[in-house]
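Working notes, beginning with the structure itself.
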Amino acid sequence: MSAIWTFALAFAFASLFVWQQDGVDLQLMDFRRTWLVPFTSFFEQGVEDVTGERSGIKSVDSYVSSEGPAAKAGLLANIGPSGSKASGAKAGVVIASPSTSNPNYLYTWVRDSSLVFKTIIDQFTSGADTSLRPLIDDFVTAEAKLQQTTNPSGSVSSGGLGEPKFNIDETAFTGDWGRPQRDGPALRATALISYANWLRANGNTTFVSNTLWQMIKLDLDYVASNWNQATFDLWEEVSSSSFFTTAVQHRALREGSALASALGQSASVTNYNTQADSVLCFLQSYWNSNSYITANTGGGRSGKDSNTILASIHTFDSAAGCDAATFQPCSDKALANLKVYVDSFRSIYSINKGIASNGAVAVGRYPEDVYMGGNPWYLSTFAVAEQLYDALIVWNKQKSIAVTSTSLAFFQQFSPSITAGTYSSSTSTFTTLISDIKSFADGFVALNAKYTPSGGGLAEQYDRNSGAATSAVDLTWSYASALTVFAARQGTSSPSWGASGLKVPSTCNTAGSGIPVTFNVNATTQLGENIYVTGSVDALKNWSPDNALLLSSAKYPVWSLTVNLPASTSVQYKFLRKFNGQVTWESDPNRQISVPASGSFTENDSWR
Ligand code: NOJ
Ligand code: NOJ
């Protein structure tokens, strides 16, 4: 009897999967009505219970079974050219959402697309779905095109790789926007590297060397030379340094250096490793004395932000144990941070009222958020669960849980009397913690389940008072976040990226390879006229008068700017004037400086 039921369920879900993926709605409609609706309503009843009691947990299983196929179908529908909701998108272009107003998300973001394709590539390379390869090849072609598309951030060689979003026909978006966003190139490199690693292991080195490596190198060279420059954060609001951006940059450089090594690209190996050491050093500086991660160095907020949870799950490496230097999901710092972040949403959303102080709650981007009502986000709530499932994977693998003074408050939620120490799998403390933390994680999934409309569509947010889905419908990133959290819940993790055994350098070169160079130029100007500098390296915008860097007139008639330039290099540059849209260059020849290997450098010039 039970075997028959198992078979019937498996068959029903397998069919639902095929139905949604192929989009043959009509043929299978009757089948679905007959077979799936009774199950669906049964599940919907089940997921109402989010107390984490036995029935609640069972309902999470049911939700995962139905939402998994729905999320995958929803994700695929948003990819051009044939996704059912992506009409007008070029092949391999991911639309953020089909929503065209309030908000208009019918664009393609490098961040969203890369995270979505990392999910797709992992499904492909793990053998879970081998049909995805043509789509991945489309993505590669689309991103190669976008890399070369000159846009308001610049051209491919003058900063254009930091452009956050494009039109879905692969042309540049030229409106005002928070740019650059320097997580995009890193996330794209990570997606492409995971595909490249699989191809190499399967004998297709030509495509890797001739196509993928060229693209990856563009993105990683950009990361290597710009990681210490200001960036808009992943929420496109704060221009400063941002934990998520730094963390994903670090990961991309490490795995990029391993790929470069396999391909015999020794100059890139050295460059990426050197920069990665500095980035890892810088990453530590986001940790604050109140035991959480400050999401952005600017922005004037509490700094409690889903940014940090997303960073932990997207840089998870199950081979790295609970390493705190890379903020692994089970590290004491990442767990302490998770608690502080989650707690910041307990009292601000009315749908969280009445939930026990150690229960799962709906969470959003950051507590101060007001965007589209400042509500809980599906992808943020799933991310908390995913960090916890990732942690469980490692604890189960290493057969112990370490509690430190840093993570004590996190563990006390489950065991108020617990003390710091290491609890091996033979102890009842271990067993109880594993089970309680699994239920805690399931609680976050259960909340998203509770607020998922029937049919399984995932928008961007759900209303903080009513729980009704709101903001962009069918957000591709929401679907990807469902697929990754479900995989983690099953105990699956992505291939290692080399996080294990990393050492934080004892002294940080906070400027990275960049040496702070101060340009002073004595120049008399008329009212409304300004002095700029451009030159032969990325940091000086590669001789682009349009993107030239503005100097400050605070010490007029001396104009001044400090900018990080690559150490031990000879750099050419010139000043220029801009007045009423007219550009006047200094006379020839180009000026030249030798940037020292360390320390800083000041250059005093007079306009000529
Ligand atoms: C649009 C961005 O996508 C969103 O993240 C941001 O919150 C709003 N603009 C407001 O700045
Ligand atoms: C707004 C989010 O803040 C940003 O992270 C995302 O890239 C865009 N929406 C598109 O989904």
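The values are calculated or read from the model by the stated rules, or taken from the named source; none is laboratory data. Everything numeric in this text was worked out from a predicted model, so none of it was measured. FYI the Cβ positions are ideal-geometry reconstructions off the backbone, even for glycines, and counts take in every protein chain you see. Ligands, DNA and RNA are stripped out before the accessible areas are found, and what is left, the full protein with its side chains, is counted by its heavy atoms. Shrake-Rupley method; radii C 1.70, N 1.55, O 1.52, S 1.80 Å.
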Debye, to nearest 20: dipole size of the chain, +1 on Lys, Arg Cβ, -1 on Asp, Glu Cβ: 660
Once you place label points 7 Å from the Cα toward the Cβ at F207 and T518, how far apart are they in nm? 5.3
Run the quick spin-label model on A409 and E237: label points 7 Å from Cα toward the beta carbon, then report their separation in nm to one decimal. 2.2
Which sequence of V521, V370, V504 reflects their accessible areas, 1.4 Å probe, from the largest down? V370, V504, V521
In straight Cα distance, which lysines are under 20 Å from K85, not counting same-chain residues fewer than 8 positions off? K72, K165
Roughly how many whole Å is it from the C-alpha centroid of the range 390-437 to that of the range 563-589? 57
State the percentage of accessible surface on the range 384-464 attributable to carbon and sulfur atoms; use a 1.4 Å probe and exclude ligands, DNA and RNA. 53
For the range 379-419, what does the equivalent ellipsoid look like in terms of its semi-axes, each the square root of 5 times an eigenvalue of the Cα gyration tensor, given largest first in whole Å? 20, 15, 8
Carbon-plus-sulfur fraction of the accessible area of the range 515-606, 1.4 Å probe, in percent? 48
The range 129-151 and the range 207-257 have their Cα centres apart by a whole-number Å value of 18
What is the helix-to-structure angle for 25-47, meaning the angle in degrees between its Cα long axis and the longest Cα principal axis of the chain, kept from 0 to 90 and rounded to the nearest 10? 80
Please compute the per residue accessible area over the range 294-447 with all protein chains in place, 1.4 Å probe, rounded to a whole number of Å². 31
Once you have all Cα-Cα distances for the range 515-606, histogram them in 5 Å bins from zero and send the whole-percent values. 3, 14, 27, 26, 18, 8, 3, 1
Would you please calculate the Kirkwood hydrodynamic radius of the range 62-489 over all C-alpha pairs and express it in Å, rounded to one decimal? 21.7
What would the Debye formula give as log10 I(q)/I(0) at q = 0.11, 0.12, 0.14, 0.15 Å⁻¹ for the alpha-carbon point model of the range 224-302, no solvent? -0.33, -0.38, -0.50, -0.56
Towards the positive end of the charge dipole of the chain, with charges on Cβ (+1 Lys, Arg; -1 Asp, Glu), say which of G581, Q214, N337 has the farthest Cα. N337
May I ask which residue of A325, L527, F414 lies farthest towards the positive end of the charge dipole of the chain, with charges of +1 (Lys, Arg) and -1 (Asp, Glu) on Cβ and the Cα centre as origin? A325
Excluding residues on the same chain fewer than 8 positions from K438, give the lysines whose Cα lies under 17 Å from its Cα. K58, K339, K397, K399
In terms of the charge dipole of the range 94-150, which places +1 on Lys and Arg and -1 on Asp and Glu at the beta carbon, the residue among S97, S131, I120 farthest towards the positive end is S97
